[in-house]
Amino acid sequence: MRSATIPNLRELDAAGIPLYIQTGTRAYNDHYRHLWPEGDTTPYLTHNFTREKVFSELQESGIRNWIVEASTEAVGICKLVFNTNLEAFSAADGLFIEKIYLVRTATGMGYGSRLFTSFEAMAQEAGLSYIWLEAMQKGPALQFYLQNGYRIFGPTRIPFSQAIEAERPMWIMLKEL
């Protein structure tokens, strides 16, 4: 693992939306083009990274979006959804990590582990009892989540029919606090 500064989470406001979209798009394209025919991530990006979509998320009380910064550079984005439910758990007990995307140059530097420590503290402060996320069944992220105390809870799939069928399987990952 390369040495890095501690990442800063800057909570998103309306003025930061263009940087959030730019950074999120770059990070997503850095890691997930292989999921899409001809590497065309447009279906995902137009669903998740428009000004209207992100602005509407800012209006939701249970959603918090951040820009991840290292020094003064934006190196990723995060989106957390508080008080979510997962099958077999209470609706008010979960924190869903919907997005944690780091640009390629920021991977392998320890940012992910530090961010997960921050997310756990946020969940505990909010009185939540578990954190969950969805991870690709293939790829290095799955091993990272397992090493950080998450377990496979069950299967799910990329919800976009345009994605390459063989790449759509995902796991729901769970960590009880």
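The values are calculated or read from the model by the stated rules, or taken from the named source; none is laboratory data. Bear in mind that the values here come from a model prediction, so they are computed numbers and not experimental data. Cβ: placed from backbone, ideal geometry, glycine included. Neighbour counts: every protein chain shown. To get the accessible areas, we keep the full protein, side chains included, count just its heavy atoms, and leave off ligands, DNA and RNA. Shrake-Rupley method; radii C 1.70, N 1.55, O 1.52, S 1.80 Å.
Checking [x] 127; [y] 116; [z] 161 against volume of the Cα convex hull per residue in Å³ calculated from these atoms, the matching label is [y]. Listed by chain and number, the aspartates and glutamates whose alpha-carbon sits under 19 Å from that of LYS53, ignoring those within fewer than 8 places in the same chain, are GLU11, ASP13, GLU98. With K and R counted +1 and D and E -1, the other residues having a Cβ less than 14 Å from that of ARG51 yield a net charge of -2.
Apolar share of the accessible surface for the chain: 51 percent from carbon plus sulfur atoms, 1.4 Å probe.
For GLU167, neighbours were defined as the other residues whose beta-carbon sits under 12 Å from its Cβ, and their charges (Lys and Arg +1, Asp and Glu -1) total +3. Rolling a 1.4 Å probe across the protein heavy atoms gives the stretch 56-109 an accessible surface of 43 Å² per residue.
If ligands, DNA and RNA are left out, what is the accessible area of SER161 with a 1.4 Å probe, given in Å² to the nearest 10? For SER161, solvent-accessible area is about 90 Å². Given a 1.4 Å probe and the protein chains as shown, LEU80 ends up with an accessible area of around 0 Å².
Do you know the relative contact order of the stretch 1-92, to the nearest whole percent, from alpha carbon pairs under 8 angstrom that are 6+ apart? Mind dumping the intermediate values first?
Working: 100 pairs, mean separation 31.4, N = 92.
Worked out over the stretch 1-92, it gives 34 percent.
The distance from the alpha carbon centre of the stretch 136-177 to that of the stretch 1-72 is 19 Å, rounded to a whole number.
Specify the residue with the greatest mean-square fluctuation among ILE164, ILE77, ILE63, computed from a Gaussian network of the chain linking alpha-carbon atoms under 10 Å apart. Of the options given, ILE164 has the highest mean-square fluctuation.
The Cβ shell under 14 Å around LEU95 holds other residues with a net charge of -2, Lys and Arg each +1, Asp and Glu each -1. Beyond 23 Å, what share of the Cα-Cα pairs of the stretch 1-100 is found? Please give it as a whole percent. Cα-Cα pairs of the stretch 1-100 separated by over 23 Å account for 34 percent.
Considering only THR25, THR72, THR117, the Gaussian network model of the chain with Cα springs below 10 Å gives its largest mean-square fluctuation to THR72.
Accessible surface for ARG157 stands near 100 Å², nearest 10, in the context of the full protein assembly shown (1.4 Å probe).
Charging the Cβ of each Asp and Glu at -1 and of each Lys and Arg at +1, and nothing else, the dipole of the stretch 73-177 about its Cα centre rounds to 280 debye. Got a sec? Charge dipole of the chain, +1 on Cβ for Lys and Arg, -1 for Asp and Glu; which of PHE153, GLY139, PRO43 is way out at the positive end? Positive-most Cα among the choices belongs to GLY139.
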